[in-house]
Structure formats: C-alpha cells, structure tokens
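Trainee: I have a structure I would like to understand better, so I am pasting it below and will then ask my questions one at a time.
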Amino acid sequence: MKKLRQWQCGLLVSLLLMSPPATAQDGDNDAPDIAPTQQSVELKGLRVVGSRTTGRSAADSAVPVEIIDGDSFRNYGVRHLDKLLAATIPSYNVSEHNFGEANALVRPAKLRGLPPDSTLVLINGKRRHRSAAISTFTYGQAQGAHPVDIRSIPSIALKRVEVLRAGAAAQYGSDAVAGVMNFVLRDAPEGGTLEARWGQHYHGDGDLVSTAANVGLPLTEAGFANFSFEFTNSDSTSRSTPRTDEQRLRAAGLPVKNPSTVWGAVDVKYDYKFFGNLGLDLGNHHHAYAFGSWAERKVGDSWYFRSPVSRPGVFTDDWGGNLLIADLSPTGRDGGCPTNINGDEYLQDPQAALSKLGPDCYWLGRIFPGGFTPRMDGYVEDWGLAFGLRGELQSAFALLNGWHYDMSAVFGEHSISLYVRNSVNPQLAFLREHMPTKFHGRAYEERDTVFNLDLSRPVDIGTFYSPLNVAFGLEYREEEFEIIAGEKDGWCTHDDEECEGGDDYAADRGLAEQGFSIGTNGYPSLQPESAGEANRGSFGAYLDLEADVIKRVLVNAAGRFEHHEGIGESLDGRLSGRWDLLGDYLAVRGSLGTGFRAPTVGQMSYRDSTFAFADGRLVEVKTLPSDDPIAQYLGAEPLKPETSFSFSVGTVLTLGALSVTLDYYNIEVRNRVGLSESLALNDDDLDALDTLGIDTGGVTSVRYFANAFETYTQGIDLIATYPLELFGGGIGTTLLTFAGNWNDTKINLDSINPNVVGALRKHQIEEHDPQFRFSLMADHEWGAWRFLARLHYYHDFTEWQNIGSDHIYSHARVLLDMEASYTFDFGITVAAGAENLFDKYPTKNPYRRSYGQTYPVISPYGYSGGFYYFRAGFEWG
C-alpha cells in the first residue's frame, strides 16, 4: 500500500509541474475565465452561499451562511484560526481542553452543538481528509469524534471562509449534519504579505512567537501560483493548584516538581504549515487547478502525577498501602524483600525505610523518589494534494453544449506519533537504575482519497421565473486507518519473558505476578496484536435543482445516494427556500431534510489504552472496536450510520446599512456514535472471558464505540452588522457586528443503552457547553489608524467528571479583547493588543486540591487568563 501511495504522489507532483492548475471548487460553481490582464482570480464559494453583503453575512441565500473575509484573520490580532472562527460564527465552539493525547494535537471544534465530525470541512470546495486523532480523552460532545485537523490550515493562506450553518448531507455527503465549512485559499498572481507576532500571558508564561508569509506569482500570463507559510512556537502555561499529596511529599524533603500535575496550555515546540494554490487558463473555457498542503508540529503535554506512596502497581501494593518491592532473586521468592514498609514510614524517614531492602530487592522509587508525572511528546505530519480540470463544454449538440464540468482527485494523509517520557514500565524493574524512561507509545495514520465528477447547467424550461439550474455528480471515496504498535519496552511482560534481558530473573514468580502493572505507566504502548490496517470505499451520486419558481421565491431541492462498503446504503434529501417578502427589506427562508454520518474507519477499528479517573482513582482503561471479543461480551454491536432530520426557519432584515439575520434550527440525530462509559470487568466477567479463551491483558476497565443514544438539538443564531459614520466620517468609520447563539441539546432518555451511556455522560453532553453566548465587535478605521474592540459573553456551564460531588459550576463571564494598529505609507503595519484584557478566569474548582485542577478544563474561553501581544506586517502589490 505504501508503494502505491508513493506512486500516486509521484504522479501528482509530475502533473503539477506539467500543467499547473486553477481554482478548485465544487462542480456546481461557475468559475470565471482567467484573463491575461486579470490581477486576481475570483473564486466562487459553495453555490448556496450567494453574494456577500455588508459585514460577513450572506443575507440573500436560502440557508444561513457566514462569510469571513481573509483580511479578518490578518487584521484582528487573534492568535489561532479557531479563536477567530469562534468569535465570528455564533454556534462555533472550541474547548481548550488540553489534558489528553488527541486533544493536545488536534483541537476539536463543534458547530451547532454537535460533535466535530458532524461538520464537513472543505478546502476550495473539495473534501478535506480527516486527522488520525480520535478524541477519546475528553468530555461531552467531542468524546469519540474523528475530526478534521483545522489546526493545520494557516490563516495567512485564506482568502475567505464560508460557513454553511445547515444540514447539507443531501448535497455534500456524509458528515455535513451540522453544516459545511469551506476554506477558500488566496489566489492573487502578485503581491504578498509578511507577518510576525509575539505575545505572552499576564501570568508571565505561554510565550508565543509566530511568523508567516504569503506571496503571489504569475504562472505564465494566464494563471497564478500563490504560496503561504506559517511557523509558530508557543510555550506551555500552568494554572495548577498544589495537590494535597504533593504537599506532603514536599514537606518530607522529597523532590517533587512544582506543580506535580500541569493544567494549562500545551507546549507547541514547533508548528510548520505550508499551502500552495495554483491555477492556469488552458483557453477555450477550460481551466486546470491544483492546491496542496504540508504541515508538521510537535506538541508536549502531561498526565496525572504518580505519588510514590499511593500509586499501586508501580510504587505500592494498593492505594495508600505498603511499598511494592520487586524481588529480583532468581526465583522471585528468595530475596527476603520486606512487604510491610508503609508509605507513612517512607515519608517520615526515606533513607531509613529503604535501608531495609536487601541486594535482591528493588523499589521503583529509587528512580523517582518524589514520584513522577508522565509527559507526552506528540508529532503530527499532514499533507494533502488536489488537482483537477474544470470548464464549459462546447458542442454542436444542444444536449451537451453549455454544461459546466469539474473533474478532480484529492489525496491526503494525516499521522500522529506519540511518545511517553518521564515514566516507567514496571516490568523492567530488573534493569534497576538502567530502566528506560522514554517510550514510543503508538502511531495512527489516516489516508483518504476522493474522486469527483460534477456537472451543472442552467436550463430554461419555461415554467419558472428563472432558468432551472441542474447539477449532478458522482463521488468515490476511500478511507484508510492504520494503527502502529509501540516499542517493545513499553508493553512487554516480565513473566512471559517478553522483556529482553529479564529471563535471568524470577523464573518462577515474575514481576506481574508480584503485583507490578504492565506497560508504560500513564500511556501503555500498544502491543503488536493491536496494530492493524482497515479501509473502506464508498460511492455517492447526487442531484441538485434550483430556480426562482416565481418572482422573489427561490427553491432548492437536492437528493443524494451513498453506498458504504460493509455498512449499507443511504438516501437523503433536502428542500430549502427563500421568499423575499418585502423586496430588499425582508425575506424569510427555511430548509428541512434528512442527513447521515457514516462511522469512520477509525471509529470502527480504533484501539487505545490509557489511564482515567474512575470513582476518584486512576485506572487503566482500554478502548476497543465494537467487533472485539471483549466488547462483544459486554454487549457491543456492529456500528451503523447516524441518521438525522433537521429543519430551520429564519428571517433576513435589511434596513439601509443595517443587516440582521435570525435563524432557528432543530436537529434530531439518531444512532449517535460515541464512546461507552468505562465498564468494569468483575471477577465473574474475567472468569467467563478466560473460559472463552479471551485474554484481557490484565485490564479490568473497558470502553468501546457504539450507536449509543439519540439527541435533540435546537438553537437560535442572531447576526447583525451596522456601519457607523460619526460626524460624517470625520473621525473615521466603525463597523459594528453582533453574533449570538442559543443552543440546547437533550438526550432522548428512551434511546439510552444504560450499559453504554450513564448519568455522567448525559450530564456532560447536556451541560458542558454554555447554552448562550455572543460577541459584539466594533472595528473602527480612522485614516492609518485602526481600533478593534471585541466583547464576548459566555453563559454558565457545568463540568462533570464524576457523579456525586465532583462537578464544577462555572458562572457566566464577560471577556474583552482590544487592539490598536497603525499602517505607514510604505505598507508596514504595527499593532498592540490584548485578549481577555481584564484577565478573567472561569469559576475555581472547589475540589482542586485533589487533582491539582484549578479551573474547569472544558472552559470555552480557556483558563490561562489575559494575553498581550505585538504584531507587525508588511504588504506589497
């Protein structure tokens, strides 16, 4: 398979060099010709977007659409693409939950209160490949999601972002349940931009350095080549509270890192992003296009602290019990190792306690006398490449003449490799001080391939007020997900003589039998039997009809059939319309339709093992696919597609310069795919599994992917824009923008499988996100000066980690961002600003002494506090 991918890449690169292409969009778009004298090639967005109005709202479409101009990303001083999207799109929500493997690498974002993988992501109108990260160590809606890595898109590469806030699976296929996000790349054949920025949190940490560049070049006289690059380095932050157990250790004079458990923003060692967009007019209304991307980053994160007096399987024989001493005598029984050294005795006099150990006795605290906090290093590699041909057919046959066509191929691959350091595999205790403390844990790879043929043409049938636009097309998509095992030292078992060099010790009674846990503590390396590769192909066909049926009444109807190998078929439809009730002043719009989201290949084959809190304790939890024998024993069934029914109704009001859109939406999703609760295996379960010949690998807590429940989501989006000119514009102009959202999600209690979804998960899905949030922005320009103020309001929310007392109720907060910039005549812009100007934090965790967690980690505005920055940019051309 890898040889095939190498052959594909070589072919694509050759095609790029031989015939550099034009802009890429869906086949139902009418791309303009590229004239030799044209300075910029205008890319049209999704057909449903329509033209832009004042601000960023496409106020004349049949469905709610938000258009964010690329200048917003460069002028508004926001550090991350996700932050600007969240500030601009009312129902877009990004949690800065950084504690956990996948979330540190690929931050999942939600639209309209649905999981991240319920929003279809496009680049230049073409489906973007998924990431290799599946959100397992998170809470609420994002848990179990398999999203696209939006973080790999550099904001400087964007001409605009189009966000369709309505179910569109009938038009664009699987995943478009909540909506569609289309990232349109810059296509200028000349000019460029250079940017640099530096910032730091008020707390004195989290330093950020970022540089970016964009350049447009002519590609002969009939095309363009536009390239963008971005580099970011961002230090970690810590907003932790000293834990009770670490304070005891520190009082005993033991070396404990402060803080022992780090809660804060992750450490981005490096983050490189590159995008290229090329287009070429071939003449006679035919255009070639291509665009590609490459990204690589390294991110550091951490897990929970392991205390030397309370971590079972590593340091102690039970929670807060006696020290667990390894007997390294040849039999594992004759070392005379003490079993009654209590943790309190160690704290009172560590040297005296350890003096009782004989030469054949070893305690892992000799390597980590003050305990340890496992650290993670995650590496991401991401590349994508798309190319195609579009144009207009010209033929003497009337049936063929005038059809717009678009043929394209899209390839993408995303991989993550995870390493654990500052940890141990207790099965290697026989190595004593020579034990390794860094391990390759595992790797995941996602590879997607998409082929499209799209055709469209307006047909005047004489029945409607306007010609009927007919669009139809075919799509073939192949997804592949691969799991790569970790290194042997991270998963080997001493008793089975898997650990190299350990066969001379404990032939009769190995370290596992002595009570030591198996695998790298914190994130056990995956074993070879968990590795594997899975793939699936799917085929889709759609038909899309649109016309002004009468004057001022627009109607769109779409239908799509898809077949997924091994899953089945789906047939979906959507009907939308718009009535300009009072001409250009008032319009009503609405849509209804069905949708689907096929479970991804990754969700159907994913395997993982990590530690999580259960009943107040850290336990190892193994994540299994639904076809695993252990999962099937616990009741798992084959995954099937999610299905949905949604409708929305809204109004568009235009009074002079004032533009207001108000939309209500209602989305029902059945057979929601998600992770089950952690299900404990009791002794009877273990005996039954052993009788069936199923090896549990010593893990006693399991979860799996399942079609677990049904949800009802409803909400309201309100967007308003209004330009002001005070004193006739003598002191500049101000653009006011309001974007607000109310969202409510409820689980259908009759749909819940109690063995899969418990009360904790129900709380997390329904209460983790603020029901109401809005932003109010004032963008003022006065000559060379620009002033920006953005106010954010977040309603209260509740973070649940355990049923009972361990939940955090966070009160509503108002945050303010401000920036001032000045542009010199020679094109250089300098700016200074602050995000969260008044240093607001979520409500403190009343149980922070237990885990060191000061604030709720699901906070939609983070918990690192205020951030100030300086930036400079230069534009030419």
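The values are calculated or read from the model by the stated rules, or taken from the named source; none is laboratory data. Because the structure is predicted, anything quoted here is derived from the model rather than measured. Reconstructed Cβ throughout: ideal geometry from the backbone, glycine too, with neighbour counts over all protein chains shown. Note: accessible area is taken over every heavy atom of the protein model, side chains too, but ligands, DNA and RNA are not part of it. Shrake-Rupley method; radii C 1.70, N 1.55, O 1.52, S 1.80 Å.
Trainee: From the P(r) of region 647-728, can you give the percent of Cα pairs sitting at distances over 17 Å?
Mentor: 70
Trainee: Moving to a separate point now. Report, to one decimal in Å, the Kirkwood hydrodynamic radius for region 273-337 based on all distinct Cα pairs.
Mentor: Result for region 273-337 stands at 18.1 Å.
Trainee: Expressed as a rounded percentage, what relative contact order does region 782-863 have, with Cα pairs under 8 Å and six or more residues apart?
Mentor: 25 percent.
Trainee: Based on the alpha carbons, how large is the Rg to Rh ratio for region 177-320 when Rh follows Kirkwood?
Mentor: Radius of gyration over Kirkwood radius for region 177-320 works out to 1.25.
Trainee: Among all the aspartates and glutamates, which ones have a C-alpha under 14 Å from K83's C-alpha, if same-chain residues fewer than 8 places away are not counted?
Mentor: Partners found: E96, D817, E835.
Trainee: Report the Rg/Rh value for region 78-216, based on alpha-carbon coordinates and the Kirkwood definition of Rh.
Mentor: Result: Rg/Rh = 0.98.
Trainee: Apply 1/(1 + (r/R0)^6) to the Cβ-Cβ distance of Q247 and S701, taking R0 = 51 Å, and write down the FRET efficiency to the nearest 0.05.
Mentor: 0.95
Trainee: A further question follows. Using a basic spin-label model with each label point 7 Å from the Cα along Cα→Cβ, how many nm lie between D744 and T691?
Mentor: So the two model labels end up 4.9 nm from each other.
Trainee: Sketch the reach of a paramagnetic label on D71 as a point 7 Å from Cα along Cα-to-Cβ, and name the residues of region 651-679 whose backbone nitrogen lies under 20 Å away.
Mentor: Residues passing the 20 Å test: 657-659.
Trainee: If you don't mind, another one. Where in region 524-547 is the amide nitrogen less than 14 Å from a point lying 7 Å along the Cα-to-Cβ axis of E478?
Mentor: Within reach of a label on E478, which here means backbone N under 14 Å from a point 7 Å along Cα→Cβ, region 524-547 contributes 534-539.
Trainee: Sticking with this structure for a sec: What does the accessible area per residue of the chain come to in Å², with a 1.4 Å probe and no ligands, DNA or RNA counted?
Mentor: Ligands and nucleic acids excluded, the figure is 37 Å² per residue.
Trainee: With Rg and the Kirkwood Rh both taken from Cα atoms, where does Rg over Rh land for region 183-246?
Mentor: Checking Rg against Rh, the ratio lands at 1.33.
Trainee: Order the peptides 653-664, 855-866, 733-744 from the highest to the lowest mean number of other Cβ atoms within 10 Å of their residues.
Mentor: 855-866, 733-744, 653-664
Trainee: Report, to the nearest whole %, how much of the accessible area of region 737-868 belongs to carbon and sulfur atoms, 1.4 Å probe, protein only.
Mentor: Within region 737-868, the accessible surface is 59 percent carbon and sulfur.
Trainee: Let me ask another. List the pairs from K110/K622; K622/K844; K488/K622 whose alpha-carbon separation is above 29 Å, in the order I gave them.
Mentor: Beyond 29 Å: K622/K844.
Trainee: Enumerate the calculated ³J(HN,Hα) couplings along region 115-130 in order (Karplus 6.51 cos²θ - 1.76 cosθ + 1.60, θ = phi - 60°), each rounded to whole Hz, writing x wherever the residue is Gly or Pro.
Mentor: x, x, 7, 9, 10, 7, 10, 10, 10, 6, x, 10, 4, 8, 5, 6
Trainee: Taking the Cα atoms of the chain, what is the range of coordinates along each of the three principal axes, in descending order and whole Å?
Mentor: 96, 60, 55
Trainee: How much length is gained on full extension from A531 to W319, taking 0.36 nm per residue of separation minus their Cα-Cα distance?
Mentor: This chain segment gains 73.1 nm when fully extended.
Trainee: Carbon and sulfur together cover what percent of the accessible area of region 227-275 at a 1.4 Å probe radius?
Mentor: 56
Trainee: If you take the beta carbon distance between R509 and Y809 as r and set R0 to 51 Å, what does 1/(1 + (r/R0)^6) give as a FRET efficiency, to the nearest 0.05?
Mentor: Calculated value: 0.50.
Trainee: Also, quick follow-up: Assuming 0.36 nm per residue, please report the length gained on full extension of the stretch E433 to D334 beyond their Cα-Cα distance.
Mentor: Residue separation times 0.36 nm, minus the Cα-Cα distance, leaves 33.5 nm.
Trainee: Still on this structure, I have one more. On a full-extension model of 0.36 nm per residue, what is the gain between L724 and R670, subtracting their alpha-carbon distance, rounded to one decimal in nm?
Mentor: Contour length minus Cα-Cα distance gives 14.8 nm.
Trainee: Regarding region 552-698, what is the average projected area of its C-alpha convex hull, in nm²?
Mentor: For region 552-698, averaging the hull's shadow over all directions gives 13.7 nm².
Trainee: If I take R0 = 60 Å and measure r between the Cβ atoms of A778 and L453 in this structure, what FRET efficiency does the formula 1/(1 + (r/R0)^6) give, to the nearest 0.05?
Mentor: It comes out at approximately 0.80.
Trainee: Another question about this same structure. Measure nothing but the geometry: give the 0 to 90° angle between the long axis through the Cα atoms of 2-18 and the longest principal axis through the Cα atoms of the chain, rounded to 10°.
Mentor: Roughly 30 degrees between the two axes.
Trainee: Can you give the calculated 222 nm mean residue ellipticity of the chain, where each DSSP H run of n ≥ 4 adds -39,500 (n - 2.57) and the sum is split over every residue, rounded to the nearest 500 deg cm²/dmol?
Mentor: -2500 deg cm²/dmol
Trainee: Counting only protein heavy atoms, what percent of the accessible surface of region 558-683 is carbon or sulfur at a 1.4 Å probe?
Mentor: C and S fraction of accessible area: 59 percent.
Trainee: A further question follows. With an 8 Å Cα cut-off and a minimum separation of 6 or more residues, compute the relative contact order for the chain in percent.
Mentor: Dividing the mean separation by the residue count of the chain yields 12 percent.
Trainee: Using protein chains only and a probe of 1.4 angstrom, how many square angstrom of I731 are accessible, to the nearest 10?
Mentor: Taking all protein chains as shown, I731 has close to 70 Å².
Trainee: If you don't mind, there's one more thing I want to ask. Highest first, please rank the peptides 204-210, 591-597, 255-261 by the mean number of other Cβ atoms sitting within 10 Å of their residues.
Mentor: 591-597, 255-261, 204-210
Trainee: Ok, one more. May I ask you to evaluate 6.51 cos²θ - 1.76 cosθ + 1.60, the Karplus curve with θ = phi - 60°, for each residue of region 671-679 and list the ³J(HN,Hα) values in order in whole Hz, giving x for glycine and proline?
Mentor: 6, 4, 8, x, 7, 6, 5, 6, 9
Trainee: Then there's this: Around I630, with a cut-off of 10 angstrom between Cβ atoms, what is the net charge of the other residues, counting Lys and Arg +1 and Asp and Glu -1?
Mentor: -2
Trainee: Still on this structure: Which order do peptides 474-481, 161-168 fall in by mean Cβ count within 10 Å, highest first?
Mentor: 161-168, 474-481
Trainee: Taking N as the number of residues in region 794-877, what is its Cα Rg relative to 2.2 N^0.38 Å?
Mentor: Computed over Cα atoms of region 794-877, the ratio equals 1.59.
Trainee: For the chain, what is the charge dipole size about the Cα centre, in debye to the nearest 20, if Lys and Arg each add +1 at the Cβ and Asp and Glu each add -1 at the Cβ?
Mentor: Here the size comes out at about 2100 debye.
Trainee: Over region 502-559, what is the relative contact order in whole percent, taking alpha-carbon pairs under 8 Å and six or more residues apart?
Mentor: 18
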